[in-house]
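The values are calculated or read from the model by the stated rules, or taken from the named source; none is laboratory data. Here the structure is a predicted model, which is why all the values come from computation and not from measurement. Reconstructed Cβ throughout: ideal geometry from the backbone, glycine too, with neighbour counts over all protein chains shown. Side chains are part of the model used for accessible areas, which takes the heavy atoms of the whole protein and leaves out ligands, DNA and RNA. Shrake-Rupley method; radii C 1.70, N 1.55, O 1.52, S 1.80 Å.
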Amino acid sequence: MVDALQGLLQGLFGSVFPLVWALLKIILIIAPLLLAVAYLTFWERKVIGWMQVRIGPNRVGPWGLIQPIADGLKLFLKEVVVPTGADKSVFLIAPMFAFAPALAAWAVVPFNDTLVLANVNASLLYIMSIGSIGVYGIILAGWASNSKYALLGGMRSAAQMISYEISMGLALVVVLMVSNSLNLGDIVGGQGRGFFADKGLGFLSWNWLPLLPMFVVYLVSIVAETNRAPFDMAEGESEIVGFHCEYSGMAFAVFFLAEYANMILVSTLTALLFLGGWLSPVGFLPDGLLWLFMKIAAVLFFFLWIRATFPRYRYDQIMRLGWKVFIPLCLIWLVVVGCWMMSPLSIWK
Amino acid sequence: MPELRNFTLNFGPQHPAAHGVLRMVLELDGEVVMRADPHIGLLHRATEKLAESKTWIQSVPYMDRLDYMSMMCNEHAYCMAIERLLQIEVPIRAQYIRVMFDEITRILNHLLWIGCHGLDVGAMTMVLYAFREREDLVDAYEAVSGARMHAAYYRPGGVYRDLPDRMSQYKESKWKSAAQIKPFNDARSGSLLDFLDDFSSRFPKLLDEYETLLTDNRIWKQRLVDVGIVSPERALQRGFTGPMLRGSGIAWDLRKKQPYEVYDRVDFDIPIGKTGDSYDRYLVRMEEMRQANRILKQCIDWLRLNPGPVMSDNHKVAPPNREAMKSNMEELIHHFKLCTEGMHVPEGEVYAGVEHPKGEFGIYVISDGANKPYRLKIRAPGYVHLSAMDEMARGHMLADVVTIIGSQDVVFGEIDR
């Protein structure tokens, strides 16, 4: 069927066919992703609602399922107010800057052995570099709003994202050391081999166990990286209202989309890098896309869970945790894993 | 090159952590607070002046609206001041009811405080947990007075009515079936006292639940420990009272030091802090809720065994029995006089202070013998605490200002009056 469609389009578009074909594939990834973002907001409200002894949205549509659509529509119809004194063009570009990298990163994310838009060798590097552009959106938003609260939010966020990118990056360096590859597909593939995987207990061969300290560092860093509670001081709604304090309507919604798209992205990365991607946890069940989705959902649930549980860190405490705890820990573990790989006890032969 | 200047931030009055209408001008060096300048008056309603043109009893509902989180305690101070001028005795049962509702109010206030404080520091879930319990207590308010917040239940000479024998029940509706409402109605099948008894036996476990969420939580401790330290000397100099003073380690509590009503007959302890930081004040307030629950329990037990009048029988102050009024000339005259010109309070001046959930709440009245006060002065604890904002916040970070506002537990109804 795919071949038939391919043939049809080739006849239709001729020389621009590769472009159309790529576009089609992009839409196939982005459209479900945006739907997932919408329903992640719904799921968050539900989960936190249950944790906080309340019901959560249940009025719009059956079980409140239409709620995210209604919210989107409402925001879409609202006016985008540009404050006096704000730099209009930067003010409007900022949300796109935040959102675009969250989508662009998906180009190299593999969904199984073959299903990937661009199977490039340096896909991990690509994600790291694209991901770090996202912080510009927040800084620009804080700066262009011409508001003191937004500026403080932008400043906090810049400092925080830069520091946590380092610890996150170092955690990833360890992963690529043991996988001996920057290709996400290969990294997942590498996790399917090992002592336990041969015994049918695949989930013990995944990177999370041998690299447990890095897994923890990574898990905390992605929460900080996506500006989620308890590291949400860029937003800090009870302190400085946040970098998007002056935004309204769709411009505000785009920041929200970016935040949730980023959450899904980093959860997917966690699933791929540490939790074995699409690999089945036990030998007698087949590998498949479903496993990947379940792992992503589990990491996302972790995001929501800690949001309902923890108070917010203070700015300097976040910095201290990042620079004085995580980065030294990563550096030490980097050396430890290096020695381990060189020693006869290495499990990554 | 232009001179480097500090950053001035207008914090509030439209701010999520402003606890109403606090406006603070913060001078920031980066995120470090160099100076905090609280501005007040945005909720000024001239309560003191209004009271001068209202009869004594008409001002009772105004008292509810001062600190709108601890309604009955405000009424209590006002009624006590009038009673002292009139030199009338409040029936013992009314005194127990007052103590019971003072403690309910204390729990109500502290629950709201822990919810909002949690929310300010980022622990969102606390506010919803706290409001779940508040719901039961405002229902107790409603059962005795008909109002969930502004009760106007205490009256000079006693309390408005005796405790009801039955609680209102949830009704079946389109949204809630009979099976769904049954668990809600189980505790409500008896009298108000049964309902409160049930609450007070449940409450310590719920407090434990809050403590699991917060007390040993590393982030919570990092945010509260050593933030906004007030030394005991300084706390005394600034005129702190209530948990703010006890948090600094001074065991001052009007309920113990100058017992009013029946506080000398009930058993309770007063918790004190060590370092005087926000965390100590948090611990003090949490323990106060446990102690309040203890007092509540003792009052319930006493009230079950001892029926009696709840209002003074001096009909120059308290309205007479309605039935007697229909057949009795004297009663009718009393009723007429009370409802037209109100009571007359003898000439003199008096101060009455109660241990309000936030500190010492005092009413100072001067009467010239008329049916309304000549002058009424309200001593609001929050006003004094807020005035220390600058020295508590100086040198801390912006996020700590929010913590400090939370741990001061300020409510603008009483500060601006």
Considering the options A:Ala271, A:Phe256, A:Ser238, tell which one lies farthest towards the positive end of the dipole of region A:212-324, charges being +1 on Lys and Arg and -1 on Asp and Glu at the Cβ, about the Cα centre. A:Ala271
Chains A and B: how much accessible area gets covered up at their contact, both sides added, probe 1.4 Å, in Å² to the nearest hundred? 2800
Sticking with the crude label model, points 7 Å out along Cα→Cβ, report the distance from A:Leu12 to B:Asp368 in nm, one decimal please. 9.3
Heavy-atom accessible area order for B:Trp302, A:Trp106, largest first, 1.4 Å probe: B:Trp302, A:Trp106
Mean shadow area of region B:183-298 over all directions, Cα convex hull, nm²: 8.9
Let me have the relative contact order for region A:238-349, percent, based on Cα pairs under 8 Å that are six or more residues apart. 16
Can you compute the charge dipole magnitude of region A:257-349 about its Cα centre, using +1 on each Lys and Arg Cβ and -1 on each Asp and Glu Cβ, nothing else charged? Give it in debye, rounded to the nearest 20. 300
If I ignore ligands, DNA and RNA and count only protein heavy atoms, how much of A:Trp208 is accessible to a 1.4 Å probe, in Å² to the nearest 10? 60
Cut-off under 5 Å, modelled amide H: who pairs with B:Arg375 long-range: B:Ile366
Region A:271-349 and region B:69-129 have their Cα centres apart by a whole-number Å value of 49
Candidate cut points under trypsin sites (Lys or Arg not before Pro) in region A:181-261, DSSP loop plus at most 14 other Cβ atoms within 10 Å of their own Cβ, are A:Arg193, A:Lys199
What nm distance separates the two modelled labels at B:Lys182 and B:Tyr351, each placed 7 Å from Cα along Cα→Cβ? 5.8
If you average the sequence gap of Cα pairs under 8 Å that are 6 or more apart and divide by the length of chain B, what percent do you get for the contact order? 26
Please report how many Lys pairs in region B:251-384 have alpha carbons closer than 19 angstrom, counting only residues at least 8 apart along the chain or sitting on separate chains. 10
Please compute the modelled spin-label separation between A:Met96 and B:Phe7, points set 7 Å along Cα→Cβ, answer in nm with one decimal. 2.8
Lys/Arg +1, Asp/Glu -1 at C-beta; region B:23-145 dipole; positive extreme among B:Ile107, B:Gln58, B:Phe131: B:Gln58
Leaving out ligands and nucleic acids, note down the accessible area per residue over the protein assembly as shown with a 1.4 angstrom probe, in whole Å². 43
Among A:Gln160, A:Ala31, A:Gly142, the residue whose Cα sits farthest towards the positive end of the charge dipole of the protein assembly as shown, when +1 is placed on the Cβ of each Lys and Arg and -1 on the Cβ of each Asp and Glu, is A:Ala31
Solvent-accessible area, 1.4 Å probe, carbon plus sulfur percent, for chain B: 53
Treating the beta-carbon of each Lys and Arg as +1 and of each Asp and Glu as -1, no other charges, what is the dipole magnitude of the protein assembly as shown about its Cα centre, to the nearest 20 debye? 740
Would you rank A:Leu290, A:Leu334, A:Leu65 by solvent-accessible area, highest first, keeping every protein chain in place and using a 1.4 Å probe? A:Leu290, A:Leu65, A:Leu334
May I ask you to find the residues of region A:308-323 that are shielded by at least 50 Å² of accessible area once the whole protein assembly is considered instead of their isolated chain (probe 1.4 Å)? A:Pro311, A:Arg312, A:Tyr313, A:Arg314
What helices does chain A hold that run 20 Å or longer along their axis, going by alpha-carbon atoms, with a Kyte-Doolittle average of -1.0 or more, using DSSP H for the helix calls? A:17-51, A:88-104, A:148-179, A:249-273, A:289-309, A:327-342
What translational D, rounded to a whole number of µm²/s, comes out for region A:1-136 from Stokes-Einstein when the hydrodynamic radius is the Kirkwood one over Cα pairs, at 37 °C and 0.692 mPa s? 176
How much accessible surface does A:Met155 have with a 1.4 Å probe, in Å² rounded to 10? 90
Would you work out the Kirkwood radius for the protein assembly as shown? I mean one over the mean of 1/r across all pairs of different Cα atoms, in Å. 29.8
Which value, in debye to the nearest 20, describes the size of the charge dipole of region B:264-417 about its Cα centre when Lys and Arg Cβ atoms bear +1, Asp and Glu Cβ atoms bear -1, and nothing else is charged? 320
What relative contact order, as a whole-number percentage, does chain A give when Cα pairs under 8 Å and 6 or more residues apart are counted? 21
Mind checking the full-extension length gain between A:Trp348 and A:Leu209? Use 0.36 nm per residue of separation minus the Cα-Cα distance, one decimal, nm. 48.7 nm
So what's the convex hull volume per residue for the Cα atoms of region B:37-153, in Å³? 125
Using a Förster distance of 30 angstrom, determine the FRET efficiency expected from the C-beta separation of A:Leu290 and A:Ala122, and round it to 0.05. 0.60
Cα-based Rg and Dmax for chain B, where Dmax is the largest Cα-Cα distance (Å): 22.6, 90
Given R₀ = 30 Å, what would the calculated FRET efficiency be for A:Leu176 paired with A:Trp323, taking r from the Cβ atoms and rounding to 0.05? 0.85
Less than 14 Å from a label point 7 Å out along the Cα-to-Cβ axis of B:Arg132: which backbone N atoms in region A:273-312 qualify, by residue? A:309
With the convex hull built on the alpha-carbon atoms of region B:296-412, volume per residue in Å³ sits at 174
I'd like the distance separating the alpha-carbon centroids of region A:37-69 and region B:292-344, in whole Å. 51
Region A:292-349: Kirkwood hydrodynamic radius (Cα pairs, Å) comes out at 14.7
Rounded to whole Hz, the Karplus (6.51, -1.76, 1.60) HN-Hα couplings of region B:47-55, x for glycine and proline: 4, 5, 6, 4, 4, 6, 10, 10, 5
With no solvent and one point on each alpha carbon, what is the Debye value of log10 I(q)/I(0) for region A:210-295 at q = 0.14, 0.19, 0.27 Å⁻¹? -0.63, -0.90, -1.27
Hey, with R₀ at 45 Å, roughly what FRET efficiency would B:Asp390 and A:Ile27 work out to, going by the Cβ-Cβ distance, to 0.05? 0.20
When each pair of different Cα atoms in region B:134-185 is counted once in the 1/r mean, what is the Kirkwood radius in angstroms, to one decimal? 12.6
How many Å³ per residue does the convex hull of the Cα positions in chain A occupy? 167
What translational D, rounded to a whole number of µm²/s, comes out for region B:85-139 from Stokes-Einstein when the hydrodynamic radius is the Kirkwood one over Cα pairs, at 25 °C and 0.890 mPa s? 192
Please calculate the 1.4 Å probe accessible area of A:Phe13, with all protein chains present, and give it to the nearest 10 Å². 90
Amide H contacts under 5 Å for B:Val33, restricted to residues at least 5 apart in sequence or on another chain and with H modeled in the peptide plane, are B:Gly395, B:His396, B:Met397, B:Leu398
Along its principal axes, what span do the Cα atoms of region A:249-349 show, with the longest given first and each in whole Å? 58, 41, 25
With a 1.4 Å probe and all protein chains left in place, how much of the accessible area of chain A comes from carbon and sulfur atoms, in whole percent? 73
Ranking by accessible area, most exposed first, for B:His76, B:His396 with a 1.4 Å probe: B:His396, B:His76
